[in-house]
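**Student:** Below: one structure in C-alpha cells.
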Amino acid sequence: MMKGSDVLIAALENEGVDCIFGVPGEENLHVVESLRKSRIKLVLTRHEQAAAFMAATHGRLTGKPGVCMATLGPGALNFSTGAAYANLGAMPMILITGQKPIKTARQARFQIVDVVASMRPLTKMTRQIVSVGSIPAAVRDAFRVAMEERPGAVHLELPEDVAGETIGEAPIIPVHPLDRPVAPSAAIDRAVEIILAAKRPLIMIGAASSRPRLVDALSAFVRRMRIPFFNTQMGKGAVNGGSNLYVGTAALSERDYVHDAIDQADLIISVGHDTVEKPPFLMRSEGGPKVLHIGYSSANVEQVYHPDTEVIGDIGTTVTAIADRLGGKLDPEPLLLSLRQTILDKLNEGADEDRFPVTPQRIVHDVRKVMPEDGVVCLDNGMYKIWFARHYRTHVANTLLLDNALATMGAGLPSAMMAAMLYPERRVMAVCGDGGFMMNSQEMETAVRLGLNLVVVILNDSAYGMIRWKQAVDDFPDFGLTFGNPDFVRYAEAYGATGSRVSSADMLVPTLEAAFTGGGVHLVDVPIDYSENMRVLVDELRTRS
C-alpha cells in the first residue's frame, strides 16, 4: 500500500526532481515523511517567497521546472510573488501547497482561503488533487504545462487527507519528449525575402531567446548572418560572446546610445521578444524600421510593438533555417556596425572613476573584472539593474540574471543561491540594493547552512533608490523613501557568514577577490553614489533628443 504523499514523491522522482525548496506546515507532514524516505533533498528556506524564487531560477537556468512546497493559507499566499515572478518571466516551476482535509471539516474554516482561485491569475494552471489515483496524471500534466512554450508556473494543492490516504497501486506515467511546432516553409521564405530587401537590418534578441536550449542555435545564427545585434534586458546573455557584432543593450526605451543604431535600421529582426518586458524601443506606425517577429507564438500587439511580419514556431529551428537559406547572400550596409564602437566607447565612460562612494559605472566595471567568463551575476531589482544592463558585457550565455518582467525586489539573493547550488565550481555573485536585500536577507542563514560559495554585494544608499530617482525626475520633493540600515558586516557575521565593507573605490576589486578566494558566504557592503542617475540617464540623454 502507498500513501498519496508516497505517490506524489514517486511521480516527482519520475520527473527527475532532485530537490524541493520550501517551508512545510502541518498539512504537508505526510509529504515531508515521504520526502525523508526518498532521494529528493528538502531545502528548507526561511520564507516561502525565497523558496519560490529559487525554484523559478532552477527552471530559468535548466529549462526543467524547479519545485517548491508550502502549507495552506499564509504559507501558500507567500508564494504569490514567486508565482508571478516565474509566470511573467517564463520560468518553468511547480508550486505544491497543502490544505485542510476536504472530506471532513474538524477545524471548520481555520486558515482556509481559496488558494486555487488565488493562484489562477498568477499561474498557467492550478488544480486541487481530490484523489490518490489522480496524482500521477496531475504531476505529469503539471510538468508538461510548465515546460511547454510559453513556460511558467503551475500550482498543485494536495489536501492533508488525500496525502495520507492509501491506495494499492497508482502507476506512474512515463515522461516523453516535448516536440515544438516548426514554422512552415512559406513563412521562412517570406522572412528571407524581407531580410534580403533590407539595407540596414538589425537583430534584437528578446526574453524568449534566453531558454538554455537555444544558446547554440542563436549564437550560430548571429555569427552566420553577420548582422549587428542588440538585446533587451532579459535577452542579455542569450548569445555567447566573441562575434564583434554586439551593439548594446536596450536598458531604456528611447534616447540611449544603442537607439542610434535602432533609429538607423530599416529592419529589426526581433527574435523572441516578449512584451512583458519594458519596451526596448518604441515602434512607430510610420517612419520607423519594419519589424520581423520570430517567436514561439504570435506577438502580443501593443501600442509600441506591432510587427509587420511574423514567423511562428520553434525559435532554434527557425533561425537555423533562415541562416541556411541566407548563407553568403547578405550584403548589408556597414553603417550600423560602424556605430558599434562609438556606442560601446560611450558606455565605457566613467568605468575607472575613483570617487567615493563608488559610482555605478565603476561598480559594473569592477564586478566584470573579478568575474570569469562563466561567472554568474544575479541582480535584485533597483537602479543598478539599468546600469548593469547597459554596461555589463556577457561572454557566456545566461551569466547575467535579471528580472525585467515582474521586476520584483527580494529575488536577487535566492536567485544567486540557486545558481550557486547548480554551479558549485563557478563564481556566483548576488548584487542587491540595501532595500531589496533586506526583503529576503534571512536567507543568508539558508545559504550558510547549505555551505554555498557565494558573494553578496550590497549597494548601500539607505534609500529605495530607483523610486527616489523617479521622484526627482518627475520634480516631486524628496520625501518618504529613505531609511536606516543595520551594520551589514556584523549582520553577515551574525549568520555565520563573512562581512567586509569597502571604504574607497580602489578597495572594491581586492575585496571581491578576497571574498571569492576565501570561499563560503561573504557579504560586501559597498556605498554607492547615485548622482550619476540624473547626470547620465536624464541630463546627458535629454540633450540627445
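**Student:** Need one word for the range 303-373: rounded, prolate or oblate. Basis is the Cα gyration tensor (sqrt eigenvalues a ≥ b ≥ c); a/c below 1.5 gives rounded, then a/b vs b/c decides.
**Tutor:** Numbers: a/c = 2.39, a/b = 2.18, b/c = 1.10.
Prolate is the answer for the range 303-373, as a/c is 1.5 or above and a/b outweighs b/c.
**Student:** If you take Cα extents along the principal axes in Å from the coordinates, which of (1) 71, 61, 44; (2) 78, 55, 47; (3) 94, 68, 46 do you get?
**Tutor:** (1)
**Student:** With a cut-off of 8 Å between alpha carbons and a minimum separation of six or more residues, what is the relative contact order of the range 340-417 in percent?
**Tutor:** 30 percent.
**Student:** Moving on. What order, most packed first, do the peptides 61-68, 121-128, 394-401 have when packing is the mean number of other Cβ atoms within 10 Å of each residue?
**Tutor:** 61-68, 394-401, 121-128
**Student:** Ok, one more. What ranking, highest mean first, results for peptides 232-245, 326-339 when packing means the other Cβ atoms within 10 Å averaged over each residue?
**Tutor:** Highest-to-lowest ranking by the protection proxy: 232-245, 326-339.
**Student:** By the gyration tensor of its Cα atoms, with a ≥ b ≥ c the square roots of the eigenvalues, what is the shape of the range 185-332: rounded for a/c under 1.5, prolate for a/b over b/c, or oblate?
**Tutor:** Here the range 185-332 falls in the rounded category.
**Student:** Could you give the nm distance between label points at N485 and S131, where each point is 7 Å from its Cα heading toward the beta carbon?
**Tutor:** Label at N485, label at S131, 5.7 nm between them.
**Student:** What order, most packed first, do the peptides 212-219, 477-484, 290-297 have when packing is the mean number of other Cβ atoms within 10 Å of each residue?
**Tutor:** Averaged packing, sorted descending, gives the order 290-297, 212-219, 477-484.
**Student:** How far apart, in nm, are the 7 Å Cα→Cβ label points at T317 and A494?
**Tutor:** Going by the 7 Å Cα→Cβ label model, 5.5 nm.
**Student:** With the cut-off at 28 Å, tell me which of the pairs K64/K346; K41/K278; K329/K369; K3/K64 have Cα atoms farther apart than that.
**Tutor:** Numbers: K64/K346 39 Å; K41/K278 37 Å; K329/K369 39 Å; K3/K64 26 Å.
Result: K64/K346; K41/K278; K329/K369 exceed 28 Å.
**Student:** Spin-label point model (7 Å from Cα, Cβ direction): what's the R190 to A351 distance in nm?
**Tutor:** 4.2 nm
**Student:** Another question about this same structure. Measure out, as a whole number of angstrom, how far apart the alpha-carbon centroids of the range 11-64 and the range 472-545 sit.
**Tutor:** 33 Å
**Student:** To the nearest Å, what is the center-to-center distance of the range 197-276 and the range 398-422, using C-alpha atoms only?
**Tutor:** 22 Å
**Student:** Using helices alone, I'd like the mean residue ellipticity at 222 nm for the chain: each DSSP H run of four-plus residues gives -39500 (n - 2.57), total over residue count, nearest 500.
**Tutor:** So the helix-based figure for the chain works out to -10500 deg cm²/dmol.
**Student:** Further, regarding this structure: How much of the DSSP beta bridge set in the chain is antiparallel, as a percent to the nearest 5?
**Tutor:** 5 percent
**Student:** How much length is gained on full extension from R106 to E445, taking 0.36 nm per residue of separation minus their Cα-Cα distance? Before the final figure, lay out the partial values.
**Tutor:** Details: separation 339, 0.36 × 339 = 122.04 nm, distance 3.66 nm.
Working it through step by step, the gained length comes to 118.4 nm.
**Student:** Further question on the same structure: Can you tell me, using C-alpha contacts under 8 Å and at least 6 residues apart, the relative contact order of the chain as a whole percent?
**Tutor:** Result for the chain is 12 percent.
**Student:** Sticking with this structure for a sec: With both partners inside the range 2-167, how many of the DSSP beta bridges are antiparallel, as a percent to the nearest 5?
**Tutor:** 10 percent
**Student:** Roughly how many whole Å is it from the C-alpha centroid of the range 336-377 to that of the range 167-191?
**Tutor:** Taking the Cα centre of the range 167-191 as reference, the centre of the range 336-377 is 42 Å away.
**Student:** Something else now. For a footprinting-style exposure proxy, rank K3, K346 by other Cβ within 10 Å, fewest first.
**Tutor:** Details: K3 19, K346 15.
With the sparsest Cβ surroundings first, the list reads K346, K3.
**Student:** Using R₀ = 56 Å, calculate the FRET efficiency as 1/(1 + (r/R₀)^6) where r is the Cβ-Cβ separation of E286 and M1; round to 0.05.
**Tutor:** 0.20
**Student:** Is there a quick way to get the dipole size of the chain? I mean about its Cα centre, with the Cβ of Lys and Arg at +1 and of Asp and Glu at -1; what is the value in debye to the nearest 20?
**Tutor:** Value, rounded to 20: 740 debye.
**Student:** What is the sum of charges around P279, taking Lys and Arg as +1, Asp and Glu as -1, for the other residues whose C-beta is under 15 Å from the C-beta of P279? All intermediate terms of the calculation are to be shown ahead of the outcome.
**Tutor:** Working: positive: R255, K278, R284; negative: E254, D256, D263, D274, E277, E302.
Spelling it out: positives minus negatives among the neighbours equals -3.
**Student:** How would the range 346-542 be classified by its alpha-carbon gyration tensor: rounded, prolate or oblate, with rounded meaning a/c under 1.5 and the a/b versus b/c comparison settling the rest?
**Tutor:** prolate
Every read-out reported here was derived from the displayed coordinates using simple, explicitly stated rules and does not represent laboratory data. All values derive from a computational prediction rather than experimental measurement. Don't worry about glycine lacking a Cβ; one is built from the backbone with ideal geometry, like all the others, and counts go over all protein chains shown.
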